[in-house]
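Contents: one structure, followed by commentary.
The values are calculated or read from the model by the stated rules, or taken from the named source; none is laboratory data. Note that the structure is a prediction, hence the values are computed from the model and not measured. Quick reminder, even Gly has a Cβ in these numbers, built from the backbone with ideal geometry, and neighbours come from all protein chains shown. Just so you know, the surface numbers come from the protein's heavy atoms only, side chains and all, with ligands and any DNA or RNA stripped out. Shrake-Rupley method; radii C 1.70, N 1.55, O 1.52, S 1.80 Å.
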Amino acid sequence: MTGTITRLKLKNTENMPLIRVNSLDKKYNEGKNNEVHVLKSIEFDIPRGQMIAIMGPSGCGKTTLLNVVGGLDKYSSGSINIGGNNIGEISEREMTNFRLDNIGFIFQLFNLFDSQTALENVTLPLLLQGYSPDDAIEKAKMMLQEVGLGDRMNHLPGELSGGQQQRVAISRALITEPLLILGDEPTGDLDSETSADIMKLFQRTIRENPQMSIVIVTHSQTIAEQCDRILRIEHGKVASDEVLK
Amino acid sequence: MKSILRRKQKNLLTVFSVTLAVALLVGVGAASNGIYGAFSDSWWGLNADTDITIEDPSSTYFPSNITDIISNSADPNLSTLNGITQSIETYSNVLYSAGKIDAKVSMYAIETDDPQFGQYYDMKGKVIDINSTLNSQGMPQVIINNELAISLDLKIGDTFQTTIDNGQGEPVPMTVKVADIFDAKLGRGREFVFRPASRYVINIAQVQQKMIDGMKDHINVIRLSFKQISEGGVLSRNINDLDINKQTFPGKEMLENAVDTLKEMLSERLPTAIVRSERNVAAENIEENLRGLVGVLNLFVFMLNLTALLLIINVQAMNFDDRSYQTAVLRAMGSSRGQIFRIFLIESSIVRVIGSVFGLLVGLPYADWMQRTINALFEMPGADEAKATLSQSVITGAFTLGVLLSVITAAIPAWAASGNSITEELRGIKSTKTKNVSSRWKIIFFGVLLIIVGILNASNVGEFWKVEVWKNIDNHTPIITSFGLSLSGIGLLVTQFNKRFGLNISAIAILGLAYFDMFWGLTIVEEGDGNNLFTILLLYMIIGSAMLVIVNFEAIMGTINKIFFIFTPLRAVSQVTTKQLIKKKSRATLLFTIFTIILIINVFVSTISVTMTESLVNQYEWRSQGNDILINTQVPSDNITAEIMNIEGVTQVYSFRSAMIPIYYENPNTDNADFDINSDLRFRQVIELREDILNPDGDWGENSYVITVERVDEKLYEKKTGISELELMDLSKTIMKDFFAERKFELESNYTSAETGDIKIEKFDEYMVLGDIFATSGSDIYMQAKGENGSEVVAAKQVTASNDFLGPVDGFGYSLMVTPELANRLEVFDYIKSPNLFLVKTVNGFFDDTENQRIALSIQQKLNNLDDPNSLSSKLGVLVGATSRLIHTEMSALWKQQAGFWDFLATFASIGLLIGAAGMAIIAMRSVSERLREIGMMRAIGFSRNKVVSSVIIEMVFLGLFGLITGVINGILMSYMFARNIFETRMVLPYDILGAYSAIIIGVALISAIIPGVRASRIAPSQALRYTG
């Protein structure tokens, strides 16, 4: 069920990769003395049903890549095609709706609304989509139960552990059933045991939703090795693209 | 310093808010200071160098050789006498062009060679040589003040006709030439602020020439001037030496002794003379007379300062709130709590001192404007050109207070911030304080303490459960305070079982007490002056309302959220925003409290202003009973009524005799220690009422003319308040019947005094006077009259009822009305045998000023125009001197004068709106910048830009709305209470102004939200997500 706003539909791209990045360049402070060329001619495809890890040293442009792919930041040149839509050509408003319907974000620091309970955090995207409050709550409750937070739904983020908070964040990202999950160090703030739990959750999600892709930025080789593929970025360029499974 | 510079925008906002607050402190300090300053300066300076005046109201004129007696006296109390002068001061009329006349021009006839009494200055500031100017040969020359010159369009060289009293009340015409125009605001010619600001000065010898034989050396005022300290005396006329609070100045005692000496010296020659020092009277009365005015202003000052303080606290709280993360980092790095406290304190103090300096820079011109406004409002000399005299103490006080408040308000949150939980802050969780056992006992202890203090305080008042105790307004403050304390204490105790319920008890108790007193307590008040009560009631209203909102904030927000959930696109926005508001509850409370205070003040001022205007004018429309024009003539004549009736448009004329006479409010016999000539003597207008004019059919029926009464004596008639207009009319008819009933005189007492000889005090049988606001029903008044047995003084005992007919209309309103029997015993009516006061009804409506003005001018022309051989003046061979007033215009104009005060308050109060707007803008900006990361999160999960802006708008609009609702409700209730209990009229709500306030508040909220909201929504979400405060 979607709201009344006209939304961009994913085109029939069954045989195409979900994401196609071509000659992507990103410069900060473009044309100024302090210009920084972060991403340089990046090219890669991400097919559906794949979980990809992006690795690389600090400052190499991993998070920037994730942000521009997710439409949180603009790129300087090149193109990003998601599900048949070139996101460089769509308006700001369309991008917002596109993000709402098709992309789920997960951050290292969870980025939950600290004044909202776990349940409320998860219902927000549904309310934005126009769900009735009752439907939104019901669906969010189911989602939180699925991630094992059935007994923590009415807790504020400050009252949850890091792993629990991240599971709320994942629930919020998954609740709209997006085709693409972008995770920026989703386990970076968690211990290894909790990290493993989170990765299992990702794996289960992608198993249950083969049309979906998950892209996570990570420093951890262990985490990366649990993905299907590792894309290494160095000095703003794709240094290697290793398919594991 | 690095930290200050790094946080440029935030610190600039802080500087701005402190600047505003300090500017306000300086401004309002100067305003209340300025009221005293302006008044004392004016009252003090109005007498120029005159220290003592001698007048004789009973005989009006007296021989000038009295001055020789004083001059030749060797009494030590007069040893520093520097100068003595004699003058004739009276009202005169000025005929300045055909038919146009101003009958209220004060004439000042002076001796021209007495430099001890100051000088006149022309409009260029040059001293006018009075001696040569006023001693010219030929046509008498006068100098006129600039205000008279403007109002009558007179220039140097013009001539005009005036009339001089011949000493027996008969006017003698004289044509004079304007030799110069003097500045009314400078030197000797300064005008007394409450007298009509029009005066011409003439040589006394030329006036005396027009007086009858035997009175050619007569005068009516003697002025004395004493040596100042600098000239070897003990007296100082320097305004800076006047101590308003102690009501004294150097030389006050000397003047008191001199007054006593002079009274004794003149007791035989002028037994009824008034000898007084206006300077002493002013010194004693300035504080008392201004207490009410300053009280209202101080209330406003207090409220505005409170808003300024709340603004500073709010900004401080925000400063520390959004730095909690850095604090935690610093502490994690090893900084001690003390070190962090010092860093914050130093940093914020620097910012605030800068703000205070700017505040002074803004505050000084603001204060200057404030003083000019006050001066202009109260017609103080030098309203335009005088530089505001700001006292050093106001400046230093405001600056110190600004800095001190800033530092204190910085220190408390700084200390609190330095003690926050490191781990929680680092994780971005708001520090939580857990309630332990000891804090629970503290609350219980505090609650019990409040109850005990409240009960002890109540016991001081006595039997507060008895209505009698409430009749004294001075008991209200302690009773209300006691109840407030006790009920708050009970509320605190209840919080231990149910926090919200307990706090609601306290809030409702505080608010309820204020309303209870306003709607019951104040309605039964009969005595006391109620110092500070209104401040306390206002405080209770503010605290109670704020508490109610705070305590129930979550519930209110929950309801608002539910309402917004009806609208699908607003659901997510509402959920985020209402929770955000709950999270920042204390800050939200501060902001809406600021708006509450500001709106209470603004709504109150505007409502009362409109209430007074509308209700008074409408009330008098009814009271005027169809009268539209009031005509006074200098010369009484039986022909005038017919002349007026012949004017087209006139439908009816009522004719009266009237005169000004001295009235005593205490028995003036010399044995009466309570009698004080300064406070117990007033010159009042008396009007003779005749039954054949008012009640031509003898039945008080349709054709009767009834003087309505407002306050009715309990003894004769049942006291009634709040009665309908028709009931009032019926009551008036009853009273008028009694008023015209036959009376007798009775000898009340017989005094023999060594100084004054025999004085018989006779009283009327009963009730022969209709009183006014100065002589209320049932009160005793005394007037000099011819007794039946040839006695010198007759006492008129007891006023029948107080009439409020035509209220403040000069020449009729607030006049004493007497029966023909009594009028004929007043000496003044020996000279005024015919009517000189006329009430005219026209075919036009009360509000038709244009047509009524045309008729009024026709009447004047027909009576005054000496160039027209058919005018009454030409027929009688003397200028009749008719002046006209439109009753409606007079009502409105007089009200406008009073409205000036409310306008001033409104301007004053609207400054509060500015603070509110600034506060709103600051808080919106800060709120958005703090929420930048959250905005990034919102954008990341699918909130559109519009939704982000909507979120900020909803937050600000609701804060504004809370303030608007609580402020407007309390403001209206307070206005209602004031209108009903204090001004005794019906409240009129100024819907347009209330609408404007609502629009302003919502507008400010929208603008404050939209600008930073749109800016923030344009920041790339990725960038917003990196924001750490």
query: If r is the Cβ-Cβ distance from B:E827 to B:I508 and R0 is 60 Å, what FRET efficiency results, to the nearest 0.05?
result: 0.35
query: For the range B:911-945, which residues drop by 30 square angstrom or more in accessible area between the chain on its own and all protein chains together (1.4 Å probe)?
result: B:R933, B:M937, B:R939, B:A940, B:I941, B:G942, B:R945
- request: List the trypsin sites (Lys or Arg not before Pro) within the range B:973-1017 that fall in a DSSP loop (any state other than H, G, I, E or B) and whose Cβ has at most 15 other Cβ atoms within 10 Å.
  value: B:R986
- prompt: Counting alpha carbon pairs within less than 8 Å and at least 6 residues apart, what relative contact order, in whole percent, applies to the range B:195-265?
  reply: 14 percent
message: With just the Cα atoms defining each centre, how far is the range B:215-252 from the range B:530-590? Give it in Å.
response: 60 Å
Average other protein chain Cβ within 10 Å of Cβ, residues A:112-122: 4
Phi to ³J(HN,Hα) by Karplus 6.51 cos²θ - 1.76 cosθ + 1.60 over the range B:815-821, Hz, x for Gly, Pro: 10, 7, 10, 10, 6, x, 4
- line: the range A:19-243: relative contact order from alpha carbon pairs under 8 Å, six or more residues apart, as a whole percent, is 30 percent
- request: Could you work out the relative contact order of the range B:913-1002, using alpha carbon pairs under 8 angstrom and six or more residues apart, expressed as a whole percent?
  value: 26 percent
- prompt: Per Stokes-Einstein, at 25 °C and 0.890 mPa s, what whole-number D in µm² s⁻¹ belongs to the range B:931-1029, with the Kirkwood radius over Cα pairs as the hydrodynamic radius?
  reply: 155 µm²/s
- prompt: Where in the range B:963-1029 are there chymotrypsin sites (Phe, Trp or Tyr not before Pro) that are in a DSSP coil and have at most 11 other Cβ atoms within 10 angstrom of their Cβ?
  reply: none
Average accessible area per residue (Å²) across chain A - probe 1.4 Å, nucleic acids and ligands excluded: 42 Å²
- request: Apply the Karplus parameterisation 6.51 cos²θ - 1.76 cosθ + 1.60, with θ equal to phi minus 60°, to every residue of the range B:253-260 and state each ³J(HN,Hα) to the nearest whole Hz, in sequence, with x for glycine and proline.
  value: 5, 4, 5, 4, 5, 5, 4, 4
field: Label-reachable residues, the range B:990-1029, where backbone N falls under 17 Å from a point 7 Å from A:N29's Cα toward its Cβ
entry: B:1023
query: What number, rounded to the nearest 500 deg cm²/dmol, is the helix-based mean residue ellipticity at 222 nm of chain A, given -39500 (n - 2.57) per DSSP H run of at least four residues and division by all its residues?
result: -10000 deg cm²/dmol
- request: Give me the accessible area buried between chains B and A, both sides summed, with a 1.4 Å probe, in Å² rounded to the nearest 100.
  value: 2700 Å²
- prompt: Given H placed on each backbone N at 1.01 Å, which residues far from A:I106 in sequence or on other chains put an amide H within less than 5 Å of it?
  reply: A:L182, A:G183, A:D184
- request: Return the carbon/sulfur percentage of the accessible area of chain A, one whole number, probe 1.4 Å, all protein chains in place.
  value: 45 percent
- prompt: Taking R0 as 51 Å, what's the FRET efficiency between A:E159 and B:L361 from their Cβ-Cβ distance, rounded to 0.05?
  reply: 0.55
task: Please identify every one of the trypsin sites (Lys or Arg not before Pro) in the range A:31-127 that sits in a loop by DSSP and has no more than 11 other beta carbons within 10 Å of its own beta carbon.
output: A:K32
task: Can you tell me the alpha carbon radius of gyration of the range A:26-169 divided by the globular rule-of-thumb value 2.2 N^0.38 Å?
output: 1.23
